[in-house]
1. Could you count how many residues in segment 218-229 are under 23 Å from GLY196 (Cβ atoms) and over 15 Å from the mean Cα position of the chain (by Cα)?
2. Name the one entry in TYR395, TYR366, TYR344, TYR419 that is crowded, with 23+ Cβ neighbours inside 10 Å, aromatic (Phe, Trp, Tyr) and either over 26 Å from GLU170 (Cβ atoms) or outside the structural domain of ILE164 (by TED's automatic domain parsing) (or both).
3. Given the criteria touching a strand residue (DSSP E or B) at 6+ places or on another chain (Cβ under 7 Å) and either of a type outside the set (Asp, Glu) or on the phi < 0 side of the Ramachandran plot (or both), does ALA446 qualify?
4. Pick out the one residue from HIS378, HIS440 that is part of a loop (DSSP other than H, G, I, E, B) and within 26 Å of ASN228 (Cβ to Cβ).
5. Are there any pairs, at least 6 apart or on different chains, whose C-beta atoms fall under 7 Å, with the first in segment 446-475 and within 16 Å of GLY434 (Cβ to Cβ) and the second of a type in the set (Gly, Ala, Ser) and at pLDDT 95 or above, and if so, which?
6. Going through segment 394-414 one residue at a time, which ones are more than 22 Å from the chain's Cα centre (by Cα) and part of a loop (DSSP other than H, G, I, E, B)?
7. As an exercise: evaluate ALA286 against (1) closer than 29 Å to PRO161 by Cα; (2) free of Cβ contacts under 8 Å to residues at least 40 places away in the same chain; (3) surrounded by fewer than 19 Cβ atoms within 10 Å (Cβ to Cβ) and give the number of the one condition it does not meet.
8. Please state which one of GLN426, GLN442 is crowded, with 22+ Cβ neighbours inside 10 Å and either touching a residue at least 12 places away in the same chain (Cβ under 8 Å) or of a type in the set (S, T, N, Q) (or both).
Amino acid sequence: MLIQRNTQFNASDIIVFQYGMFITMKYFNLFKIILVLVAAASAVFGMVMLYRKGFVYPQKPDYKRSAVFTVSAALICTVLILIGEFSGFLDSRFIKIDETYKKNGFVYSFCCTAFVKGVEEPEKYDKNSVQALASELDYAISETDKRPNVIFVQLESFIDPSEIKGLDFESDPVPNFSELQENYPSGYLTVPVVGGGTANTEFEILTGMNLEHFGSVELPYNSFLLENTCESMAYNYKELGYKAHAIHNYNACFYKRDRVYANLGFDTFTTIESMSDIVYNDIGWAKDEILERYILSALSLTKESDMIFAVSVQGHGSYPTDFDDLQCENFNEDLEENEAAINYYISQIREMDDFVGGLVDTLREYEEDTVVVFYGDHLPGINIDAKHFKRKNLYETEYVIWSNFELGAKESRKDLYSYQLSAYVQELLGFSSGTVTKFHQQYSEAENYQELLKRIEYDIKEGEDYIYNGKNPYKPTDIEFGIEKTEITDIEYDGKALSVKGSNFNEASVIYINGKKKDTEYIDSSTIILKSVKLEDSDKITVVQIDNQYSKELSKTKPYNYEASLPEEEK
């Protein structure tokens with residue numbers, strides 16, 4: 001799976017191993033999985049037999065000599081590593097993981113990803129320097145009374161396929177995205193990952209922090225954000241009076257978003273467990289068309305303006321190797337080995353582009369002013385190198401900012417880093433909400449931009465919160481799962497089978513009776529059943545939405561009290 005993902009193996013892969021177990025079937029077919037399991041079992045069996053039947057050294061081990069040798073080897077390695085780091089020959093913090101692995105070697109690089117975490121303390125970090133910087137950022141959060149809806153749509157593995165050299169197309173493979181680029185603010189977006197690692201692009205977009213300043217291949221969603229709140233896009237817009245929604249057409253608990261999004265300030269989180277009438281692609285990912293329905297639901301949910309962060313999944317790999325529906329005219333010889341995977345990928349990108357066009361068409365006539373930011377989270381994992389891309393940069397995707405009103409952007413094209421995008425959008429809207437946002441807007445052209453940004457990041461993540469006068473002002477939200485609430489309207493019971501009637505049921509809906517989980521069969525969005533159950537008078541029936549992959553209860557209906565019908569002679 002790691003080879004398919006086109007990313008070097010690192011310590012974060014062990015941390016998120018639980019996630020990989022659930023998506024393995026999307027990367028390997030059943031035959032390949034059986035082969036892997038057989039190979040692993042054979043290896044374990046071989047080691048056991050070698051231990052039991054292998055040669056036994058006749059003399060008693062010299063433990064003292066072994067200890068001296070081990071300690072000496074460790075000291076020599078430590079000294080050599082320190083010399084390498086001091087001289088700059090070895091890099092302990094990675095900017096581009098693939099290049100650093102090649103330079104440092106696997107063992108040292110892997111160890112760095114395991115032990116080098118957090119933001120290093122800057123040389124000039126102290127209360128006075130941080131608060132002096134904060135005082136310079138203390139200006140109005142808004143220059144306007146307008147509060148348009150703001151929607152960010154993170155498109156999984158989305159790029160313009162025509163950026164790949166050696167592919168010829170009869171027509172534009174992403175006509176809707178291209179048209180938006182021609183008429184609205186857009187540019188290249190440098191992201192922190194390639195071929196995978198969606199959550200780290202998300203982190204930079206939402207927080208405005210640069211992961212180059214963090215530990216090697218650190219995954220903040222699985223470290224400090226599990227227990228700590230952090231200034232974010234959601235908190236910033238809520239300061240302006242917005243309601244903050246997150247939407248994702250995959251599992252709530254993946255990358256621990258169910259916990260992290262509460263610490264990033266979101267009020268609601270709608271996931272596949274709260275969606276109905278989902279259409280899946282050939283390899284089992286939900287198609288992105290479903291997102292439009294729930295984006296519109298979020299917009300109509302409240303009277304306030306809405307900030308929506310929608311994360312798509314349709315473009316996710318692994319891409320099949322037996323797909324024969326040709327999507328382009330010619331293939332470069334270098335790409336022929338991956339022809340089927342590339343064709344499948346392009347077919348999904350075309351559908352994602354249709355989703356982009358459909359959402360824009362719907363919102364074009366929407367009664368409220370609305371801005372939509374579309375961007376790709378990273379390049380796809382299709383085993384092609386930088387030489388195959390016209391810009392020869394594996395860390396660049398593209399973004400575009402569409403609106404159904406005049407934005408008044410000074411530049412039609414502007415290349416950005418992902419940690420700058422939110423601040424740029426606020427700037428176009430006349431907003432300056434959030435300390436990190438204000439910093440980007442004011443210092444992005446300064447010579448010491450990265451140095452000062454790192455100082456703020458350290459203060460927020462590792463330091464004393466001097467930037468906030470010594471106290472983190474952000475409180476976790478009591479996040480609600482699902483915009484369209486599940487409810488029970490009626491039940492039908494014939495003495496054996498129970499049919500629960502209601503709304504917004506799906507495959508994640510499970511019937512509970514008096515708090516006990518029952519084996520539930522999904523019929524449709526208004527009906528779920530138990531084929532065999534014994535009900536007693538006053539039993540309490542609830543329907544719970546469950547992330548089955550992680551066995552977590554996300555939301556539940558109000559209890560429905562069963563009242564047994566009395567026999568005629570007792571009435």
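The values are calculated or read from the model by the stated rules, or taken from the named source; none is laboratory data. Keep in mind it's a predicted model, so treat the numbers as computed, not measured. Heads up, the Cβs are rebuilt from the backbone with ideal geometry, glycines too, and the neighbour counts pull from every protein chain shown.
1. 1
2. TYR419
3. So ALA446 fails the test.
4. Selected residue: HIS378, the only one of HIS378, HIS440 that is part of a loop (DSSP other than H, G, I, E, B) and within 26 Å of ASN228 (Cβ to Cβ).
5. TYR474/GLY265
6. ASN404, PHE405, GLU406, LEU407, GLY408, ALA409, LYS410, GLU411, SER412, LYS414
7. Going through the list (1) closer than 29 Å to PRO161 by Cα; (2) free of Cβ contacts under 8 Å to residues at least 40 places away in the same chain; (3) surrounded by fewer than 19 Cβ atoms within 10 Å (Cβ to Cβ), ALA286 breaks only (3).
8. Among GLN426, GLN442, only GLN426 is crowded, with 22+ Cβ neighbours inside 10 Å and either touching a residue at least 12 places away in the same chain (Cβ under 8 Å) or of a type in the set (S, T, N, Q) (or both).
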